[in-house]
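The values are calculated or read from the model by the stated rules, or taken from the named source; none is laboratory data. Model, not experiment: these values are computed from the prediction. Heads up, the Cβs are rebuilt from the backbone with ideal geometry, glycines too, and the neighbour counts pull from every protein chain shown. Side chains included, ligands, DNA and RNA excluded: accessible areas come from the protein's heavy atoms. Shrake-Rupley method; radii C 1.70, N 1.55, O 1.52, S 1.80 Å.
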Amino acid sequence: MAKKLQQRSISYTCPYCFSKVDMSKIHYVCTGQTCAKTFAAEAVSTRDSKKLQYVSKDGLNEIDREKTLAFGKDPLGPDAIIAKQHIIRDSSGFCDVCKRPAYVRVCPTCHNTIPPGAEEEGNKIFVILGPKGVGKSHYIAVLINQLRNAISGEFNGVLNAANDSTTLRYRDVYYHRLYEEKRKLQPTLSFGSSDSSREPLIFYLRILNGDKPQVFTFAFFDTAGEDLTSANRMMSLSLNSFIAQASGIVYLVDPMQIRYINQRIHVDNKPEVGPSATDVLNNICEIIRSNKKLKGKDKIDIPLAVSLTKSDVLLKIPEDEEESKVLIGPNSSIHIPREYGKYDEENFEQINAELEEYMRRVIGPDFINTVYSFKHHSIFAVSALGCNPTGNSLPRGVSPMRVEDPFLWLLSREGLR
């Protein structure tokens, strides 16, 4: 007798909780307006113990037990999340209440929506990390705007928010304040103290070249720098899951927080010397090695794009001999524009070679050795704002410099050309 062929299991990484989802074991949400209430009422009337675990204490509502647990809350307590629509906790695709087909697919761990075409298109998730004060929020805000208004058109693509929550949050928290009010963004709250910081901004970039579009998922977690100060803290906040499952990491370094540069550069609103960029990157390496069960000598297979933020200040004319030791100068390859509409490998390799020697000199060889823990890595110089703010205001607005370079390099690793 011929052996029965096994259907290949297709996995999908949820960009909200970073769970590996078996697409044959997903959940659904029914769009019927009364099914959730009906489910709760039937569970109470029949005293069905299996169903009652998904019903609120007062018996009036269905609760989303999975999402409640994903947010670290007690599904039996007052903070349990109410299900707006009935959840079908099997892969049948049919509502057990109204008996109609359901088409909204959700992650079985956190019940966030799985987009149409996830099986065919897959998803590549990139995260942005860095110590406190490096400018992650500004970088994320400006990168999204650049991807939407410049880069997507340059590469024949389109950038779309995954849902209304991302659209509204980006507009209200980031775009309005930065681009319309011309003010610096508020500091990011810790992952452990704010539910909003646990919800990423999700965007899909579709590149339309060829017969089959390339689709990239961007999950922008605006993590507070203090959440990365130790591997134990990252583990306690469950940050290890999304870091270790990432398809690429952009690691931001503020040059003005580096002691050697800070002591020599002349600039208004100069920050204090910050946490060691080497130590924070080592913490990230430790988390990834632990999660992936890698040995100390094993290279990490997640591409790493190290990015010097606020680097516009490094391109100014030196005021004295000491400052000239930390400025990059007018002959830098950073001034050479990349070729439009394609991945400019030669340009990026020149910048990487130059900045590797620069960072070896101003930070130290330990930092470069840590960067080399990653199998694929490259170094970039970016500036989200393009100018030094006056207090909290940006009188000249936003003038970004090469913020897209790290992402174009990461996308090139996934086939962008």
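What is the number of the single condition among (1) touching a Leu at 6+ places or on another chain (Cβ under 8 Å); (2) within 29 Å of Phe242 (Cα to Cα); (3) crowded, with 20+ Cβ neighbours inside 10 Å that His111 does not meet?
Of (1) touching a Leu at 6+ places or on another chain (Cβ under 8 Å); (2) within 29 Å of Phe242 (Cα to Cα); (3) crowded, with 20+ Cβ neighbours inside 10 Å, only one is false for His111: (1).
Can you tell me how many residues in region 146-180 are among the acidic types (Asp, Glu) and within 18 Å of the chain's Cα centre (by Cα)?
Qualifying residue count for the region: 1.
Which of the residues belonging to region 52-71 are within 18 Å of Glu199 (Cβ to Cβ) and without any contact (Cβ under 8 Å) to a residue 40 or more places away in the chain?
Across region 52-71, the qualifying residues are Thr68, Leu69.
Results for (1) assigned to a helix (DSSP H, G or I); (2) open to solvent by less than 10 Å² (accessible area, probe 1.4 Å); (3) without any contact (Cβ under 8 Å) to a residue 40 or more places away in the chain, shown as yes or no for each residue.
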| site | (1), (2), (3) |
| --- | --- |
| Leu385 | no, no, no |
| Arg396 | no, no, yes |
| Pro406 | yes, yes, no |
| Trp409 | yes, no, no |
| Leu416 | no, yes, no |
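Within region 36-54, identify whether any single residue is hydroxyl-bearing (Ser, Thr, Tyr) and within 25 Å of Ile10 (Cβ to Cβ), and answer yes or no.
The answer is no; no qualifying residue exists.
When you scan region 1-91 for helices (runs of 4 or more DSSP H) that lie fully inside it, which ones turn up with 3 or more residues that are within 26 Å of the chain's Cα centre (by Cα) and modelled with pLDDT under 95?
Fully inside region 1-91 and qualifying: 65-70.
Take the residues of region 316-343 that are in contact (Cβ under 8 Å) with a residue 24 or more places away in the chain and within 23 Å of Pro303 (Cβ to Cβ): which is surrounded by the most Cβ atoms within 10 Å (Cβ to Cβ)?
Ile334
Please name all residue pairs, on different chains or six or more residues apart, with Cβ atoms under 7 Å, provided the first residue is in region 202-216 and is under 22 Å from Leu143 (Cα atoms) and the second residue is of a type in the set (A, V, I, L, M) and in a loop (DSSP other than H, G, I, E, B).
Here the result reads Ile202/Ala162; Phe203/Ala162; Tyr204/Ala162; Ile207/Leu416; Gln214/Leu416, each pair linking region 202-216 to a residue that is of a type in the set (A, V, I, L, M) and in a loop (DSSP other than H, G, I, E, B).
Just wondering, is there one or more residues in region 333-343 that are of a type in the set (S, T, N, Q) and either out of contact with any helix residue (DSSP H, G or I) (no Cβ under 6 Å at 6 or more places or on another chain) or part of a strand (DSSP E or B) (or both)?
No, every residue in region 333-343 fails to be of a type in the set (S, T, N, Q) and either out of contact with any helix residue (DSSP H, G or I) (no Cβ under 6 Å at 6 or more places or on another chain) or part of a strand (DSSP E or B) (or both).
Of everything in region 246-273, what is part of a loop (DSSP other than H, G, I, E, B), under 26 Å from Trp409 (Cβ atoms) and out of contact with any strand residue (DSSP E or B) (no Cβ under 9 Å at 6 or more places or on another chain)? Give them in sequence order.
Within region 246-273, Ile258 is the sole residue that qualifies.
Taking the stated definitions as given, is Ser332 of a type in the set (Gly, Ala, Ser) and modelled with pLDDT of 90 or more?
Here the answer is yes, as Ser332 does meet what is asked.
Hey, does region 344-358 have a residue that's outside any helix (DSSP H, G or I), under 19 Å from Leu308 (Cβ atoms) and either in contact with a strand residue (DSSP E or B) (Cβ under 8 Å, 6 or more places away or on another chain) or open to solvent by 10 Å² or more (accessible area, probe 1.4 Å) (or both)?
yes
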